[in-house]
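Derivation of every value follows stated rules applied to the coordinates shown; laboratory data play no part. Remember, predicted model here, so these are calculated numbers, not experimental data. Counting neighbours? That spans all protein chains shown, and the Cβs are built from the backbone with ideal geometry, glycine included.
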Ligand SMILES: C[S@@+](CC[C@H](N)C(=O)[O-])C[C@H]1O[C@@H](n2cnc3c(N)ncnc32)[C@H](O)[C@@H]1O
């Protein structure tokens with residue numbers, strides 16, 4: 001399970017006439033959730049980043065991963081055009097807007113609450129039509145493509161890694177096709193990183209490619225981030 005993701009496959013939300021949180025806690029107590037879901041709930045309830053996100057008004061604790069990555073790499077610049085892939089519920093978009101992005105266009109399979117300074121689409125990045133919809137909405141090449149996309153989990157670790165790896169590869173293809181010269185690309189990947197050939201293409205097309213594990217990314221999660229800075233103007237993709 002992604003560390004941002006509640007055990008939604010097993011948890012179907014607020015029951016009729018009941019209190020969703022109470023039922024979730026009851027299920028935890030009654031051991032009706034499987035062990036990994038119970039662990040997720042326990043971790044979530046005790047996570048200082050979750051409390052901090054609530055206090056700071058962020059929609060997701062993931063916001064701190066982007067803040068920490070930007071503190072390390074300084075890719076967010078005032079006035080820039082940003083594409084946010086896998087944007088729900090909008091934590092990264094909030095950070096991009098706060099740090100002065102001129103235009104933010106986000107996409108997710110899930111609906112996203114509106115946010116001043118950002119425009120969201122409920123679409124699948126893997127659909128053929130999606131990239132051009134995003135590019136039309138942005139009205140020019142993005143200076144920064146962000147991807148925090150993660151696949152819904154199946155409970156089988158290797159399958160989950162492959163599925164999220166495929167999303168990172170799709171994000172990298174999008175970035176290679178669209179990022180403006182001098183621009184940057186940041187994506188979630190999993191230990192072992194991106195597909196080797198794709199990583200090689202990133203290295204050929206960006207001045208510097210780094211791997212990073214921000215403190216807000218849980219130590220027990222195999223997620224890492226790939227940060228590619230300085231898109232070269234001549235594409236060798
Ligand atoms: C970890 S969450 C992103 C959190 C986000 N960065 C934030 O700060 O709020 C991962 C998201 O990727 C989305 N996602 C997964 N597959 C996708 C796809 N094919 N197209 C678009 N979004 C996708 C999921 O729906 C999920 O909302």
(request) Neighbouring Cβ atoms within 10 Å as the yardstick, rank 145, 207 fewest first. (result) 207, 145
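In square nanometres, what is one fourth of the surface area of the convex hull spanned by the alpha carbons of the range 33-159? All intermediate terms of the calculation are to be shown ahead of the outcome.
Numbers: hull surface 36.3 nm².
Over all viewing directions, the range 33-159 projects a mean Cα-hull area of 9.1 nm².
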(request) Rounded to the nearest Å, what's the spacing between the alpha carbon centres of the range 82-149 and the range 164-237? Just the number, please. (result) 17 Å
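I need the per residue convex hull volume for the range 63-231, using only the alpha carbons, in cubic angstrom as a whole number. Walk me through the numbers before you get to the answer.
Values: hull volume 17.7 nm³, N = 169.
Dividing the Cα hull volume of the range 63-231 by its residues yields 105 Å³.
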(request) In Å and from the alpha-carbon atoms only, list the Rg and Dmax of the range 132-204. (result) 13.3, 40
(request) Let me have the relative contact order for the range 63-231, percent, based on Cα pairs under 8 Å that are six or more residues apart. (result) 20 percent
(message) Using the basic label-point model (7 angstrom from Cα toward the beta carbon), what is the residue 45 to residue 196 distance in nanometres?
(response) 4.5 nm
(message) Run the simple label-point estimate for residue 141 and residue 99 please: 7 Å along Cα→C-beta, distance reported in nm.
(response) 2.1 nm
(request) Mind giving me the FRET efficiency for residue 203 and residue 35? R0 is 41 Å, r the Cβ-Cβ distance, nearest 0.05 is fine. (result) 0.55
(request) Could you line up 44, 211, 156 from fewest to most neighbouring Cβ atoms inside 10 Å? (result) 156, 211, 44
(request) Using only the Cα atoms of the range 76-121, each taken as one equal point scatterer with no solvent, compute I(q) by the Debye sum, divide by I(0), and report log10 of the ratio at q = 0.13, 0.18 Å⁻¹. (result) -0.21, -0.41
(request) Figure the gain on full extension for residue 119 and residue 210 (residue separation times 0.36 nm, minus the Cα-Cα span) and round it to one decimal in nm. (result) 29.9 nm
(request) Report the extension gain between residue 218 and residue 166 in nm, rounded to one decimal, defined as 0.36 nm multiplied by the number of residues separating them, less their alpha carbon distance. (result) 16.6 nm
(message) Once R0 is set to 30 Å, what does the formula 1/(1 + (r/R0)^6) return for the Cβ-Cβ distance between residue 52 and residue 173, expressed as a FRET efficiency to the nearest 0.05?
(response) 0.30
(message) Between residue 158 and residue 180, what is the label-point separation in nm under the 7 Å Cα-to-beta-carbon projection?
(response) 4.4 nm
